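The values are calculated or read from the model by the stated rules, or taken from the named source; none is laboratory data. Not measured: the values here are computed from a predicted model. Note that we place each Cβ from the backbone using ideal geometry, even for glycine, and neighbour counts take in every protein chain shown. With ligands, DNA and RNA removed, areas are computed over all heavy atoms of the protein, side chains included. Shrake-Rupley method; radii C 1.70, N 1.55, O 1.52, S 1.80 Å.
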Amino acid sequence: MIRQAVIMAGGLGSRFGDRTQEMPKGFIEIDGMPMVERSIKKLIAAGIEKIVIGTGHCNEWYDNLAKQYPCIVTVKNEDFKNTSSMGTLAVCAPFITDDCYILESDLLYDAVGLFVLENDTRKNVILASGATQSEDEVYLATDDSSILTKVSKNKSDVTEVAGELVGISKISYELLQQMVQFYNSHPDAKKIDYEKVLEQLASKDTPIYVRKIEHYVWTEIDDEAMLKRAVTQIYPHIQENESLRNVKREVLLNPGPSTTSDSVKYAQVIADICPRELEFGNLMEDVATELTSFVADPKDYVTVMFGCSGTGADEAMVSSCLPPNGKLLVVDNGSYGARLAKIAAVYKEDFEVFKSSTYEPIDIAALEKEFKTGKYTTFAIVYHETTTGLLNPLETICPLAKKYGLTTIVDAVSAYGGMPMDLEKLGIDFMTCTSNKHIGGMAGIGFVICKKQELLKQKDWPMRNYYLNLYDQYEYFLKTKQTRFTPPVQTLYALKQAIIETKQETIEKRFERFTECWNILVSALKDIGLKMLVKEEYQSHFITAILNPETPKYNFEDLHDYARNFGFTIYPGKLGNINTFRIANMGDIVPEEMKRFCTILKEYMHSIGVC
């Protein structure tokens with residue numbers, strides 16, 4: 001898959017006159033967004049992880065843009081006034097390490113073009129369209145095999161037009177090096193454009209193909225007339241085309257699976273691949289390393305993945321991490337803590353339960369007293385108790401457990417990816433999560449992030465389990481880059497895309513977004529008169545347990561169905577002795593959607609006389 005791209009943006013944009021004297025033309029806005037930023041968003045949605053932008057005129061605009069998008073690397077073409085697009089591409093080339101897309105900065109285009117290039121089996125492909133009548137066409141000619149033979153702005157130079165150059169191409173790493181070598185060996189051609197270099201290099205030995213989409217919607221924007229045409233004719237057409245590919249929006253305010261972006265959903269639409277191929281092994285290794293990097297140093301920690309739910313990851317951890325003749329202490333302050341204890345019981349492990357309130361903070365002094373007994377080798381706790389939204393203070397508890405020599409195992413299924421955390425500082429040895437919560441992927445992958453020195457201790461322990469054995473899964477992948485059993489292939493591609501999008505937003509910004517949604521909800525609950533189970537200062541900002549209103553007219557199913565009519569899914573409470581319903585802030589949810597839900601909640605509560 002293509003994971004890198006180059007955008008050539010060094011030009012002066014002089015045909016725009018005064019408009020671009022102090023601004024690159026890529027920053028001309030259409031519908032409130034610079035056209036180059038719109039292109040960047042489409043590249044990220046297509047799975048691009050690194051975008052190298054070759055700058056020149058007003059380069060500081062791109063440098064500032066790079067601060068908003070961690071995937072962007074800017075490289076200035078210091079000789080931009082005396083060179084053309086190939087000169088800018090040449091300065092970018094050292095920062096590209098694999099096959100890539102190369103694009104021009106002044107394009108407005110339908111994202112389907114990237115999909116077409118990605119799925120074209122040929123390595124070097126120029127995207128072309130049918131006739132555009134743009135009055136600035138670059139014509140392409142090919143031989144009978146669709147290999148490029150001619151590039152010209154003069155139509156009379158082309159015997160038979162195969163298509164018009166769009167300005168988006170898929171280029172192999174090897175061809176990129178040949179392009180740079182050609183450019184450097186022809187100092188008399190400083191003003192040459194990249195497409196003319198492609199023309200020079202294309203041959204039977206170095207085939208560069210032209211892929212034509214007859215009615216492809218796109219335009220280059222070089223002057224005011226082209227901008228007007230883009231705004232009035234091209235952009236509306238692109239909007240319509242892309243809206244047809246939008247997936248029906250359902251906002252999941254349940255504790256998981258979470259709402260996903262369309263780009264994560266579409267990441268599953270890939271060519272079939274055997275998971276035993278090295279290419280897929282590399283993908284899994286990359287995904288595992290990235291998952292680790294969000295919370296720990298991969299030199300010290302490693303992620304072990306299974307095809308399962310978060311509970312499957314919990315079972316792998318609880319059944320694998322207790323040493324022979326060891327004893328486990330489990331904190332139960334909600335359904336998920338109770339689940340950890342249930343898993344230990346099923347495996348007939350030696351364990352005891354530290355019972356705590358489901359909605360009030362843990363008595364840390366009492367817990368330390370239990371640690372001091374010296375009975376335990378291992379300590380298990382849930383970071384964010386999804387039952388109620390209570391956030392346990394692991395920054396205090398886990399270092400305390402380590403002080404008394406305990407190995408710490410943590411269920412962070414509904415905390416990981418939603419808030420900043422550092423496993424080393426927190427004192428966490430093993431931590432579970434899943435692909436379908438804050439990280440924003442699809443359900444189907446559970447994983448355990450393990451401190452390597454603790455994981456290696458399990459090497460010679462008797463196995464309590466088989467499919468979910470943590471060390472066996474780790475060791476097998478280390479040797480083969482494969483899981484022992486068939487992984488959920490498409491789900492892993494979706495997880496890869498979710499990781500790309502998480503890195504762009506950053507976990508810190510994601511937590512801010514969730515907190516903003518939570519603040520909107522809390523304010524609305526106070527306005528309506530509904531009470532929360534957990535005090536605000538102890539809440540996670542991810543799950544809010546709300547006490548049912550004290551009226552016989554209230555019925556959760558009615559509220560659920562009313563909200564669902566507007567595209568919102570909510571979840572009932574999970575405490576047997578306290579009646580609640582829960583609202584989650586997870587996944588691809590934005591504050592405006594939480595505001596809409598709060599309006600719907602208020603309407604329902606008003607209809608039953610609550611407010």
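Choose one of 40, 432, 330: the residue whose Cα lies farthest towards the positive end of the charge dipole of the chain (beta-carbon charges +1 Lys, Arg; -1 Asp, Glu; about the Cα centre).
330
Computed FRET efficiency, Cβ-Cβ of residue 352 and residue 527, R0 30 Å: what is it to the nearest 0.05?
Numbers: r = 44 Å, r/R0 = 1.47.
About 0.10, to the nearest 0.05.
Report in % the part of the accessible area of the chain that belongs to carbon and sulfur, leaving out ligands and nucleic acids; probe 1.4 Å.
On the way: 12720 of 25640 Å².
Reported share for carbon and sulfur atoms: 50 percent.
Assuming a strict under-19 Å limit between Cα atoms, what lysine pair count do you get for the stretch 148-303 once near-sequence pairs (fewer than 8 apart, same chain) are dropped?
Here the count comes out as 17.
Work out the length of the dipole vector of the chain about its Cα centre, built from +1 on the beta-carbon of each Lys and Arg and -1 on the beta-carbon of each Asp and Glu, and round it to the nearest 20 debye.
Values: 66 positive and 84 negative charges, 340 e Å.
For this selection, approximately 1640 debye.
Pulled fully out, how much extra length does the chain show between residue 453 and residue 112, if you take 0.36 nm times their separation in residues and subtract their Cα-Cα distance? Kindly include the intermediate steps, with their values, before the conclusion.
Numbers: separation 341, 0.36 × 341 = 122.76 nm, distance 4.66 nm.
Full extension from residue 453 to residue 112 adds 118.1 nm.
Starting from the Cα-Cα distance between residue 375 and residue 285, subtract it from 0.36 nm times their residue separation and give me the gain in nm to one decimal.
Working: separation 90, 0.36 × 90 = 32.40 nm, distance 3.79 nm.
Full-extension gain reported as 28.6 nm.
Could the peptides 593-600, 362-369, 343-350 be put in order, highest first, of the mean number of other beta-carbon atoms found within 10 Å of their residues?
Values: 593-600: 17.6, 362-369: 13.0, 343-350: 15.1.
The peptides rank, most packed first, as 593-600, 343-350, 362-369.
Of 532, 499, 522, which is farthest on the positive side of the dipole of the stretch 467-578, counting Cα position, with +1 on Lys and Arg Cβ, -1 on Asp and Glu Cβ, and the Cα centre as origin?
Of the options given, the answer is 499.
Separation of the stretch 315-385 and the stretch 214-231 by C-alpha centroid, Å?
Between the Cα centres of the stretch 315-385 and the stretch 214-231 lies a distance of 63 Å.
Fully extended, how many nm does the chain gain between residue 579 and residue 363 (0.36 nm per residue separation, minus their Cα-Cα distance)? Could the numbers behind the result be given before it?
Details: separation 216, 0.36 × 216 = 77.76 nm, distance 2.43 nm.
Going from the current span to full extension adds 75.3 nm.
Work out the FRET efficiency for residue 120 and residue 237 from their Cβ-Cβ distance, taking R0 = 25 Å, and round it to the nearest 0.05. Mind dumping the intermediate values first?
Working: r = 23 Å, r/R0 = 0.93.
It comes out at approximately 0.60.
Just the accessible area for residue 149, please: 1.4 Å probe, Å², rounded to the nearest 10?
Spelled out: residue 149, probe radius 1.4 Å, area about 70 Å².
My understanding is that a pair violates if its Cα-Cα distance is over 30 Å; which of 123/452; 531/595; 402/526; 42/574; 41/81; 403/509 do that in this structure? Write out the running numbers ahead of the final one.
On the way: 123/452 39 Å; 531/595 18 Å; 402/526 40 Å; 42/574 40 Å; 41/81 28 Å; 403/509 33 Å.
Distance filter (> 30 Å) returns 123/452; 402/526; 42/574; 403/509.
Points 7 angstrom from Cα along the Cβ direction at residue 204 and residue 63: gap in nanometres?
Label at residue 204, label at residue 63, 5.1 nm between them.
For a quick protection proxy, order the peptides 407-417, 109-119, 235-245 by their average other-Cβ count within 10 Å, most packed first. List each step's numbers first, then the result.
Numbers: 407-417: 27.1, 109-119: 19.0, 235-245: 13.3.
In descending order of packing, they fall as 407-417, 109-119, 235-245.
Go through 388-396, 92-100, 581-589, 452-460 and give me the packing order, highest mean Cβ count within 10 Å leading.
581-589, 388-396, 92-100, 452-460
What is the calculated FRET efficiency for residue 327 to residue 476, with r their C-beta to C-beta distance and R₀ = 30 Å, to the nearest 0.05? Working shown, then result.
Values: r = 29 Å, r/R0 = 0.97.
Once rounded, the FRET efficiency stands at 0.55.
With a probe of 1.4 Å, find how much accessible area the chain has per residue, and write the answer as a whole number in Å². All intermediate terms of the calculation are to be shown ahead of the outcome.
Values: 25640 Å² over 611 residues.
That works out to 42 Å² for each residue.
Through the Karplus equation 6.51 cos²θ - 1.76 cosθ + 1.60, θ set to phi - 60°, convert the phi angles of the stretch 95-109 into ³J(HN,Hα) values in whole Hz; use x for Gly and Pro.
9, 9, 10, 7, 4, 7, 8, 10, 9, 8, 7, 10, 9, 10, 8
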